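The values are calculated or read from the model by the stated rules, or taken from the named source; none is laboratory data. Quick caveat, the model's predicted, so the values are computed rather than measured. Positions of Cβ are backbone-derived with ideal geometry, glycine not excepted, and every protein chain shown enters the neighbour counts. When the accessible area is computed, the model is the full protein with side chains, heavy atoms only, and any ligands, DNA or RNA have been set aside. Shrake-Rupley method; radii C 1.70, N 1.55, O 1.52, S 1.80 Å.
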Amino acid sequence: MSTNPEAGEITHRNPNLKNLNVDVLYHFDLTTEMDFKAMFGDVKYVCMGGSADRAREFALKAARQMNLPITDENLKPIGKTERYTIYKVGPIIFAAHGIGMPSISIMLHELTKALEYAQASDFKYIRVGTSGGLGVAPGTVVVTEEALNDDLRPYFEFSVLGHKRRWETKADIPLMNAILKAGEGFPMVRGKTFTANGFYDEQARMDGALDPDFTVEQRRAYFDALRADGVRNIEMEAAYLLGFCTEAGIPAAVVCAAILNRLKGDQVTSTSEELASYSDNPEQVVLNMIFHELAKDGDVWRFGEDLNQ
Ligand code: R2B
Ligand code: URA
């Protein structure tokens, strides 16, 4: 683990960090000269998705449901918003990681260091995002058991110094089960998630700028094979998040709304109201789970009291 709070001493996953006098988290415009403990010390959950607008709406929704006096007027992001956007509401961070694995990778390194410096303990990461459903209707909540990479393998693979490394991409089982329990009554499925490196070519779309060079029949056979293997949705970050968290020892889960059914088409034609209502489902499931877990420690009631002070 990253911290030894009793000794007040920070222990990092990366031993090299102790040699830095000041660590600059460049993409957030935060540095360890700031009081990270005050900023992030109580964080228990990080909810992350691709879009900054959705992170903001999600944070405001959580604040309303926690009876916290945080509003559109006074909710401010932490750090710069040029690349990523971070909000904090009580012990929950709402963060936008951008699109794709290179983008979420940078955010996870810097955010995890920030939480280590803050001596936050027992925090969990949950991607609450959007995806293309595979034989799954729009609005369905897809809970990931395991992510597959571009080669449909159950690991994240990358090269360091010219050598391949692999991280396992399974969701944390207790966290996943808590989410499934909180989602009872919602349209929800569990299954594998295919994490593609692109939105068009690698997701077998036929509506990109280039000739896809495969037929509808070939694509259907591919999708049918994915479904038979247990894949229920396609997105662009789960394999990195789950791999990183396996390596880091951070419990992590992925809960996405299906915003279209890829067996029926490629284009996302829903209105912005429909898209917001699709995203509302996984957001509410995750909030229900978090509130349930926090209530075990009496925290939800403490939030209620804060209002009356
Ligand atoms: C889902 O939606 C985004 C692409 O539109 C990407 O971030 C993802 O995983
Ligand atoms: N996000 C994706 O990556 N793919 C989709 O089809 C929809 C959302």
Would you check which residues across region 175-198 are under 13 Å from Ala257 (Cβ atoms), away from ligand 2 (no atom under 16 Å from the Cβ) and buried (at least 20 other Cβ atoms within 10 Å of the Cβ) and list them? Gly183
State yes or no: is Gln284 more than 16 Å from the chain's Cα centre (by Cα) and not acidic (Asp, Glu)? no
Residue by residue through region 98-142, note down the ones that are part of a loop (DSSP other than H, G, I, E, B), aliphatic (A, V, I, L, M) and within 15 Å of ligand 1 (Cβ to nearest atom). Ile99, Leu134, Val136
Looking only at region 82-93, decide whether some residue is over 22 Å from Asp42 (Cβ atoms) and within 13 Å of ligand 1 (Cβ to nearest atom). no
Expected single match for under 21 Å from the mean Cα position of the chain (by Cα), in a loop (DSSP other than H, G, I, E, B) and of a type outside the set (Asp, Glu) among Asn233, Asn197 is Asn197
How many residues are closer than 17 Å to Ile234 by Cα and more than 14 Å from ligand 1 (Cβ to nearest atom) if we restrict to region 270-289? 0
In region 234-265, which residues are open to solvent by 20 Å² or more (accessible area, probe 1.4 Å) and near ligand 2 (Cβ under 9 Å from one of its atoms)? Met236, Ile259
When you scan region 86-93, do you find a residue that is of a type in the set (A, V, I, L, M) and either surrounded by fewer than 20 Cβ atoms within 10 Å (Cβ to Cβ) or in a loop (DSSP other than H, G, I, E, B) (or both), even just one? no
Would you pick out the residues in region 114-135 that are open to solvent by less than 10 Å² (accessible area, probe 1.4 Å) and either among the charged types (D, E, K, R) or farther than 25 Å from Arg13 by Cβ (or both)? Glu116, Arg127, Ser131, Gly132, Gly133, Leu134
Of Gly129, Gly90, which residue is in contact (Cβ under 8 Å) with a residue 40 or more places away in the chain and closer than 28 Å to Trp167 by Cβ? Gly129
Condition first: assigned to a helix (DSSP H, G or I), crowded, with 18+ Cβ neighbours inside 10 Å, touching a Cys at 6+ places or on another chain (Cβ under 7 Å) and at pLDDT 95 or above. Can you find one or more residues in region 42-57 that meet it? no
